Protein chains: 2
Amino acid sequence: LEDLPVVSLAADAAHDCHPADLATGQPTTLAAVDTPALLIDLDQVEANIQAMQALATQHGLRLRPHVKTSKSAEIARLQCAAGAVGICCAKLSEAEVMVEGGLDDIVITSPVVAPVKQRRLAALATRARLAVAVDHPQTVLGLAAAAGAFGVRVGIYVELDVGQARTGVSDPDELAELAALVVRQPQLRLDGMQAYNGSVQFIVDTDARRAAVDAVATRIRAARAACAARGVLLPLVSGGGTGSADFDVLAGAIDELQAGSYVCMDGQYAGIDWPQGVPPFGLALTVLATVISTPTPTRAVLDSGWKTLSVDAGPPVALDVPGARFRFGGDEHGVLEFDDPALRPPLGSVVRLRPAHVDTTVNLHDSALALRGGRVSHRLRIGARGCVR
Amino acid sequence: LEDLPVVSLAADAAHDCHPADLATGQPTTLAAVDTPALLIDLDQVEANIQAMQALATQHGLRLRPHVKTSKSAEIARLQCAAGAVGICCAKLSEAEVMVEGGLDDIVITSPVVAPVKQRRLAALATRARLAVAVDHPQTVLGLAAAAGAFGVRVGIYVELDVGQARTGVSDPDELAELAALVVRQPQLRLDGMQAYNGSVQFIVDTDARRAAVDAVATRIRAARAACAARGVLLPLVSGGGTGSADFDVLAGAIDELQAGSYVCMDGQYAGIDWPQGVPPFGLALTVLATVISTPTPTRAVLDSGWKTLSVDAGPPVALDVPGARFRFGGDEHGVLEFDDPALRPPLGSVVRLRPAHVDTTVNLHDSALALRGGRVSHRLRIGARGCVR
């Protein structure tokens, strides 16, 4: 690992919020990279993009990847170049960064409710094809008024709760009524229905996961039928995720796949069973950390804690470090414990960590080191980092 | 809450990474603020600063607040203006931002081990009085070499592990040997010993917390005696925290207090008992969130999830919302559940949340709205947000 060559780090250094990181010279090996650092293997990213696109295409589905995983316009552009019809964003401010980055077809997957935000959304719709999830008549009318003020038409995905108990309408008739209200607003365009269940993604057993996907499909069909009964045409249904995609494409209920995590993968997705036996997507994102203390024969302390690695899905795993058990040591420290002192890495060495949850880990970093052919090719900007508005 | 006036938000808007937030007009009330947003009550911050400074001064201790809590040079300057001798930073990149922000006396509380970082530290020492914690001879020698290369003298705090089982030397004689090695390096300056135990801070019971502080003091005295036996003069001992400060000042083992969280407080510190009955510091930081969905009579969904509020110390608490139970709903959502539908806030309303852990929550945001006299006075820059290197 230490001898992996690093080339041309300076090219994109201006993207980084702390150019001083690079001020003392050009790193020539990964061991010379200032840590903690996110590493993104773009070859693996592209292989993952191809694999998910092939799955969608083979079954006649559109792919609209969720970019809340990478928060990077560069990766979103790779996804669209490979065949995605556009992207999903979680928040309006994320969509604003993506439009700046050249993306022109975006669905915002959470309701946008505040009037100040609805006006900003309408303003953004003058620059890109935009749609947004809604689950309440008040939100529909607010968006229609904002779209009218900016002279644009805003796309709408009416949102169905298919079991996550978060946002979305549960009752099929209520969903159909909401869709009919959208159709009556000339400033809005009914693009489809959103039906996503995040809790299905991490069901470990494949049969149980498939059964959960089928239960989602049943709910979708009931809502579709309620819309048809009212004469409301639903152009498409959007949903699914990385863990459920193999079954989403077979269940026949959705037309557009919203998966996101497949682009990088993480510990959560390494922890579930896959119908293929192994995950069809490879780990593309790791965190490079340095051993800054070896205070006992069986302990190595890393420079990476809660401010570097998210904890919502549990601790990371140290790769290439046999016998290591990771525990968080606070904001800025991670502790590796060993039973065998011979396995403890030396002071100053670097280790790679696999985050448990890629989305929230990426969101802690302004940039990543992009690898091509095992070498660092450039600094990849995470332009939508922190865009929670 | 909705009617709280907001003034002069534009003044410092350039500090924010997404100026589009403010593009659609000047907010005039908190309800018009784009959420999620951090709110920092600077009046409460100053009261907290005065209270901790008074405690330290009254007992003859120096106060060197840890700024990893606020990551803001503006707040660090308020602390120094009130009497602090300087500040603590967790990482070198944090210290670099603080020097840019006008702070000139900084202790970095974690070992700086990588050669590329030791050179950067030495470069920074040409611009400010700098010291750093060390716990290994190799680190001492590396820092001496880097300091020599830059023609500066770098201060050293030899670090004693007083029970946290993270960084630091455990054995008093080994600590004394390390201190003697520092004294032999003409490029280094032995500033003192660091002895901090984070796990003591959150012991709920005051008697048990006091006993834990006394145990720390015993370890400190043993290390001090070992240094004296070798003829090594330790100018001071630095340690303590917000939860232990009341007992740190009485135990007589430390000369310099490193507390940080008191400046804003959080749910963790609201959860422990205090010798005064109530915490001597008030809550100064909250998160403003909007209800973006009310899909059932007993559920309100907020626009704030793991990317807005840290989870390492548990979920936040909704303030001024009787009967609300918060659960995280993923990266971008928080869910409030109610038993009584009459208590559920309406769609579009804003609520304030108290984070469980202030340090890691602040680190998710580029700026905060600073309140003075209950009104928003300006946008406060969190300049060291993301500075984990």
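The values are calculated or read from the model by the stated rules, or taken from the named source; none is laboratory data. Predicted model only: the values in this text are computed from it and were never measured. We place every Cβ from the backbone using ideal geometry, glycine too, and count neighbours over all the protein chains shown. Accessible surface areas use protein heavy atoms only, side chains included; no ligands, DNA or RNA. Shrake-Rupley method; radii C 1.70, N 1.55, O 1.52, S 1.80 Å.
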Scope the range B:254-271; condition touching a Ser or Thr at 6+ places or on another chain (Cβ under 7 Å) and within 19 Å of B:A313 (Cβ to Cβ); matching residues: B:A259, B:G260, B:S261, B:Y262, B:V263, B:C264, B:Y269
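Does A:G267 satisfy the criteria of being under 30 Å from A:V33 (Cα atoms) and crowded, with 18+ Cβ neighbours inside 10 Å? Give the steps one after another, and end with the answer.
Numbers: under 30 Å from A:V33 (Cα atoms): yes; crowded, with 18+ Cβ neighbours inside 10 Å: yes.
So A:G267 passes the test.
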Scan of the range B:34-61 for residues that are open to solvent by 10 Å² or more (accessible area, probe 1.4 Å) and either small (G, A, S) or in a loop (DSSP other than H, G, I, E, B) (or both), ordered by number: B:D34, B:A47, B:A51, B:A54, B:H59, B:G60, B:L61
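Just to check your reading of the model, which residue among A:S293, A:S261, A:S310, A:S304 is within 12 Å of another protein chain (Cβ to nearest Cβ), of a type in the set (S, T, N, Q) and closer than 15 Å to A:Q201 by Cβ? Please lay out each step first, then the result.
Values: A:S293 fails: closer than 15 Å to A:Q201 by Cβ; A:S310 fails: closer than 15 Å to A:Q201 by Cβ; A:S304 fails: closer than 15 Å to A:Q201 by Cβ.
Matching residue, one of A:S293, A:S261, A:S310, A:S304: A:S261.
Quick test for you: out of A:V113, A:V140, pick the one residue that is under 19 Å from B:S304 (Cα atoms), within 12 Å of another protein chain (Cβ to nearest Cβ) and not hydroxyl-bearing (S, T, Y). Step through it out loud before you land on a result.
On the way: A:V140 fails: under 19 Å from B:S304 (Cα atoms).
Going through A:V113, A:V140 in turn, the sole match is A:V113.
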Residue check for A:L336: of a type in the set (A, V, I, L, M), within 12 Å of another protein chain (Cβ to nearest Cβ) and within 18 Å of the chain's Cα centre (by Cα): no
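May I ask you to verify whether A:E94 is of a type in the set (D, E), crowded, with 18+ Cβ neighbours inside 10 Å, at pLDDT 95 or above and assigned to a helix (DSSP H, G or I)?
Values: of a type in the set (D, E): yes; crowded, with 18+ Cβ neighbours inside 10 Å: yes; at pLDDT 95 or above: yes; assigned to a helix (DSSP H, G or I): yes.
Yes, satisfied.
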Filter result (buried (at least 24 other Cβ atoms within 10 Å of the Cβ), farther than 14 Å from B:S293 by Cβ and either among the acidic types (D, E) or touching a residue at least 40 places away in the same chain (Cβ under 8 Å) (or both)) within the range A:121-142: A:A131
Matching entry among B:P322, B:P315 (being open to solvent by 30 Å² or more (accessible area, probe 1.4 Å), in contact (Cβ under 8 Å) with a residue 12 or more places away in the chain, more than 12 Å from every other protein chain (Cβ to nearest Cβ) and assigned to a loop (DSSP other than H, G, I, E, B)): B:P322
Subset of the range A:159-179 [among the β-branched types (V, I, T) and under 21 Å from the mean Cα position of the chain (by Cα)]: A:V162, A:T167
Lone unmet requirement of (1) among the hydrophobic types (A, V, I, L, M, F, W, C); (2) more than 14 Å from chain A (Cβ to nearest Cβ); (3) open to solvent by 20 Å² or more (accessible area, probe 1.4 Å); (4) within 30 Å of B:H357 (Cα to Cα) for B:L181: (4)
Residues within the range B:192-247 that are in a loop (DSSP other than H, G, I, E, B), β-branched (V, I, T) and either surrounded by fewer than 20 Cβ atoms within 10 Å (Cβ to Cβ) or in contact with a Gly (Cβ under 9 Å, 6 or more places away or on another chain) (or both), tallied: 3
Filter result (open to solvent by less than 10 Å² (accessible area, probe 1.4 Å) and without any contact (Cβ under 8 Å) to a residue 40 or more places away in the chain) within the range A:62-83: A:A76
